[in-house]
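S.K.: Let me begin by handing over the structure; questions about it come next.
The values are calculated or read from the model by the stated rules, or taken from the named source; none is laboratory data. Please read these numbers as outputs of a predicted model, since none were measured by experiment. Please note: Cβ atoms are built from the backbone with ideal geometry, for glycine as well, and neighbour counts cover all protein chains shown.
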2 protein chains.
Amino acid sequence: MRSQRLRVFAPATIANIGPGFDVLGLALSTPGDVLEVELADGPGVEIVEITGDGGRLTRDPMKNVASRAAVDLLRRAGDTHGLRLWLHKQMPLASGLGSSGASSAAGAFAANEILGRPFSTHDVVLSAIEGECAASGTPHADNVAPSVMGGFVLVRGGEPFDIVQLPVPDGLRVVVVHPHCQVSTAAARRLVKERTYGLDVIVPNIGNVAALVAALYVGDLQLLGRSIDDRIIEPLRATLIPGFDDVKNAALDAGALGCSIAGSGPSVFAFAEADGDAQRIGAAMQAAFRSAAQLDSDLFWGKVSTEGARVL
Amino acid sequence: MRSQRLRVFAPATIANIGPGFDVLGLALSTPGDVLEVELADGPGVEIVEITGDGGRLTRDPMKNVASRAAVDLLRRAGDTHGLRLWLHKQMPLASGLGSSGASSAAGAFAANEILGRPFSTHDVVLSAIEGECAASGTPHADNVAPSVMGGFVLVRGGEPFDIVQLPVPDGLRVVVVHPHCQVSTAAARRLVKERTYGLDVIVPNIGNVAALVAALYVGDLQLLGRSIDDRIIEPLRATLIPGFDDVKNAALDAGALGCSIAGSGPSVFAFAEADGDAQRIGAAMQAAFRSAAQLDSDLFWGKVSTEGARVL
């Protein structure tokens, strides 16, 4: 069994959801990364091929997030096997949709599967975080955890590190529009990390994130939408996304429950309560990116994926 | 029926719970305020008597929080009746246990009851907030709302203002120790409002408040305890409470799930998971106040009150 080639899928994610900076993420049904993995004869992890990245990702197995996550899981397992990896990027890079998180999740998940599942999902998440952190310097657990686990995930730092899977209301639909422009994640983080904030914005964010979690448990989509109100990060990062205000207004005018920046942008997400709403909202957001900022964009919409990473 | 005298009870509360500054409050089983109310022949609200306050509270019906809350509810009702009130303070003032919140809650609740319940609980909360705000200048909705409604309550500011009642896990016990010293609420607010805070403390608080809400829904008392971790307010306000660090350590050493400041202090609360634990933790906290700060104290412990304000 161990000599087979496995194909796994790990979904794109939205992190920093509304008021939940570095805390709340969710898994999208589409897009995502596909990773193929085989056990190798000798030790070490080799990246045989990467497709779909336009040559932008490193093939160095100690620097690539997918391979580093796999290396970390092998190390935990005390396993001396080696792995061969084929990574197929099927989602935009640097889009705010957790591209490196999905690759990290795929690497850790694929390694765990091909070893016969020695580890729990929680441990797979920890290896995926470690992989991403070691390769990119910054862990985004709120991307990585939902990509592995699926659903809405809450990350509480501290000892112990808590990863809590939250309920996904039945009717909820997610719309994401990815405009064809670049926002540097590092620049986006600097912009918000160098400042300090008063209780006038902190208290609303604390109330909103608490209400958002409650809304998921009771399935109150209206409350969920009202809670997508971030006074801390969004006002700063919105300045990095051409046309953001128009796109957000277009989403809300078209019936979105709430709308904010996906990850560190430039993608913008909205919540909707039906398929028809989601399509209409997505079209309005794409039109607004065109008219306000002359930007073409990709549209993704659907349910929150409750599956997360999986074998294809 | 309207000519009878009604006696109502409104419980003391803990607001600013852990990471939930101005957002999360809970109702205690004991202590609380008792308010008697009668319909008057003419218009206007009269405070006939206040007991238990050592003469510290105003009898001016437009300045006293209980009467102002009652006035606001009468106004909403378009009711031209007058009321006569007897307020019996049965809890310490300026203790961090929501004394003015309980009086406001009692005033609004009693007025609604004697008028034959024209308003929903939500509206009673709004009148109680209005009463407290008009009289003291600062609304503490996270005190007022749990005193009216009972249980754990989440207050989300914004339009509309959301008040969400959260589940109360069965086994949860609350311990509160009120040391005999004074902390000015105004000074405690100034101390935290004049500062700004970085993401290094904001993100943990956002994660903790989100996890706290999730812990209540799933009934995970250990996670609840870990989430009582406030990096923003507690470090500053702890300096106003003699012996706080020793008291907190004593609570945790005695098995408390979590421990922090009640309201703006000086009371300190802890969570426990059994009656025996709660008694032991309370005794340890009282002993620590004595040995570290030579302070006597009152101990209250029990379940979270799920009833809130009620007719006696």
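S.K.: When the range B:115-142 is examined, which residues are found to be modelled with pLDDT under 95 and polar (S, T, N, Q)?
M.R.: B:Ser136, B:Thr138
S.K.: Taking B:Ser127 as the residue in question, decide whether it is touching a residue at least 60 places away in the same chain (Cβ under 8 Å), among the hydroxyl-bearing types (Ser, Thr, Tyr) and either within 14 Å of another protein chain (Cβ to nearest Cβ) or part of a helix (DSSP H, G or I) (or both). Steps first, answer last, please.
M.R.: Values: touching a residue at least 60 places away in the same chain (Cβ under 8 Å): no; among the hydroxyl-bearing types (Ser, Thr, Tyr): yes; either within 14 Å of another protein chain (Cβ to nearest Cβ) or part of a helix (DSSP H, G or I) (or both): yes.
So B:Ser127 fails the test.
S.K.: Going by the structure shown, is B:Ala262 among the aliphatic types (A, V, I, L, M), in contact (Cβ under 8 Å) with a residue 60 or more places away in the chain and away from every other protein chain (no Cβ under 14 Å)?
M.R.: Values: among the aliphatic types (A, V, I, L, M): yes; in contact (Cβ under 8 Å) with a residue 60 or more places away in the chain: yes; away from every other protein chain (no Cβ under 14 Å): yes.
So B:Ala262 passes the test.
S.K.: Right, next: Can you list the strands (runs of 3 or more DSSP E) lying wholly within the range A:1-104 that have 2 or more residues being of a type in the set (Gly, Ala, Ser), in contact (Cβ under 8 Å) with a residue 24 or more places away in the chain and surrounded by 17 or more Cβ atoms within 10 Å (Cβ to Cβ)?
M.R.: A:6-14, A:24-40
S.K.: For the range A:289-299, how many residues meet the condition of being under 17 Å from A:Phe271 (Cα atoms) and touching a helix residue (DSSP H, G or I) at 6+ places or on another chain (Cβ under 8 Å)?
M.R.: Residues in the range A:289-299 being under 17 Å from A:Phe271 (Cα atoms) and touching a helix residue (DSSP H, G or I) at 6+ places or on another chain (Cβ under 8 Å): 1 in total.
S.K.: Can you tell me which residue among A:Pro146, A:Pro139 is crowded, with 18+ Cβ neighbours inside 10 Å, more than 9 Å from every other protein chain (Cβ to nearest Cβ) and in a loop (DSSP other than H, G, I, E, B)?
M.R.: On the way: A:Pro146 fails: in a loop (DSSP other than H, G, I, E, B).
So the residue among A:Pro146, A:Pro139 that is crowded, with 18+ Cβ neighbours inside 10 Å, more than 9 Å from every other protein chain (Cβ to nearest Cβ) and in a loop (DSSP other than H, G, I, E, B) is A:Pro139.
S.K.: For the range A:261-283, give me the residue count where each residue is of a type outside the set (Val, Ile, Thr) and either crowded, with 22+ Cβ neighbours inside 10 Å or assigned to a strand (DSSP E or B) (or both).
M.R.: Summing the residues that are of a type outside the set (Val, Ile, Thr) and either crowded, with 22+ Cβ neighbours inside 10 Å or assigned to a strand (DSSP E or B) (or both) in the range A:261-283 gives 12.
S.K.: Just to check your reading of the model, which residue among B:Ala251, B:Ala186 is surrounded by fewer than 16 Cβ atoms within 10 Å (Cβ to Cβ) and either in a helix (DSSP H, G or I) or at the interface with another protein chain (Cβ under 10 Å from one of its Cβ atoms) (or both)?
M.R.: Details: B:Ala251 fails: surrounded by fewer than 16 Cβ atoms within 10 Å (Cβ to Cβ).
Among B:Ala251, B:Ala186, only B:Ala186 is surrounded by fewer than 16 Cβ atoms within 10 Å (Cβ to Cβ) and either in a helix (DSSP H, G or I) or at the interface with another protein chain (Cβ under 10 Å from one of its Cβ atoms) (or both).
S.K.: Considering only residues of the range A:156-171 that are part of a strand (DSSP E or B) and touching a residue at least 40 places away in the same chain (Cβ under 8 Å), which is farthest from B:Asn205 (Cα to Cα)?
M.R.: Kept after step one, since they are part of a strand (DSSP E or B), are these residues of the range A:156-171: A:156, A:162-166.
Right, trim to touching a residue at least 40 places away in the same chain (Cβ under 8 Å) and you get A:156, A:163, A:166.
On the way: A:Arg156: 9, A:Ile163: 15, A:Leu166: 18 Å.
The residue in question is A:Leu166.
S.K.: Here is a follow-up. Just checking, does the range B:78-85 include any residue being farther than 30 Å from A:Asp200 by Cβ, among the acidic types (Asp, Glu) and either touching a helix residue (DSSP H, G or I) at 6+ places or on another chain (Cβ under 9 Å) or away from chain A (no Cβ under 14 Å) (or both)? Reasoning before the result, please.
M.R.: Step one: of the range B:78-85, the residues farther than 30 Å from A:Asp200 by Cβ are B:78-85.
Okay, now just the ones that are also among the acidic types (Asp, Glu), so B:79.
From what is left, the residues that are either touching a helix residue (DSSP H, G or I) at 6+ places or on another chain (Cβ under 9 Å) or away from chain A (no Cβ under 14 Å) (or both) are B:79.
Yes, the range B:78-85 has at least one match.
S.K.: While we're looking at this one, here's another question. Which one is farthest from A:Val213 (Cα to Cα) among residues in the range B:218-233 that are surrounded by fewer than 24 Cβ atoms within 10 Å (Cβ to Cβ) and charged (D, E, K, R)?
M.R.: That would be B:Arg231.
S.K.: Please verify whether B:Arg237 is out of contact with any Phe, Trp or Tyr (no Cβ under 8 Å at 6 or more places or on another chain), crowded, with 22+ Cβ neighbours inside 10 Å and basic (Lys, Arg), treating the condition exactly as stated. Before you say what the answer is, go through the steps one by one.
M.R.: Numbers: out of contact with any Phe, Trp or Tyr (no Cβ under 8 Å at 6 or more places or on another chain): yes; crowded, with 22+ Cβ neighbours inside 10 Å: yes; basic (Lys, Arg): yes.
Spelling it out, B:Arg237 is indeed out of contact with any Phe, Trp or Tyr (no Cβ under 8 Å at 6 or more places or on another chain), crowded, with 22+ Cβ neighbours inside 10 Å and basic (Lys, Arg).
S.K.: Among the residues of the range A:253-277, write down those that are touching a helix residue (DSSP H, G or I) at 6+ places or on another chain (Cβ under 9 Å) and farther than 19 Å from A:Ser95 by Cβ.
M.R.: Answer for the range A:253-277, where residues must be touching a helix residue (DSSP H, G or I) at 6+ places or on another chain (Cβ under 9 Å) and farther than 19 Å from A:Ser95 by Cβ: A:Asp253, A:Ala254, A:Gly255, A:Ala256, A:Leu257, A:Gly258, A:Ala272, A:Glu273.
S.K.: Evaluate the range B:208-217: report whether one residue or more is surrounded by 18 or more Cβ atoms within 10 Å (Cβ to Cβ), more than 11 Å from chain A (Cβ to nearest Cβ) and either of a type in the set (Lys, Arg) or over 21 Å from the mean Cα position of the chain (by Cα) (or both).
M.R.: No - not one qualifying residue is present in the range B:208-217.
S.K.: Something else about it: Mind listing whichever residues of the range B:266-295 are on the phi > 0 side of the Ramachandran plot and of a type in the set (D, E, K, R)? Spell out how you get there, then give the answer.
M.R.: Filtering the range B:266-295 down to residues on the phi > 0 side of the Ramachandran plot leaves B:294.
Matches in the range B:266-295: none.
S.K.: Of the residues B:Val174, B:Val203, B:Val192, B:Val153, which is within 8 Å of chain A (Cβ to nearest Cβ) and either buried (at least 23 other Cβ atoms within 10 Å of the Cβ) or modelled with pLDDT of 95 or more (or both)? Before you say what the answer is, go through the steps one by one.
M.R.: On the way: B:Val174 fails: within 8 Å of chain A (Cβ to nearest Cβ); B:Val192 fails: either buried (at least 23 other Cβ atoms within 10 Å of the Cβ) or modelled with pLDDT of 95 or more (or both); B:Val153 fails: within 8 Å of chain A (Cβ to nearest Cβ).
None of the others qualify; the one that does is B:Val203.
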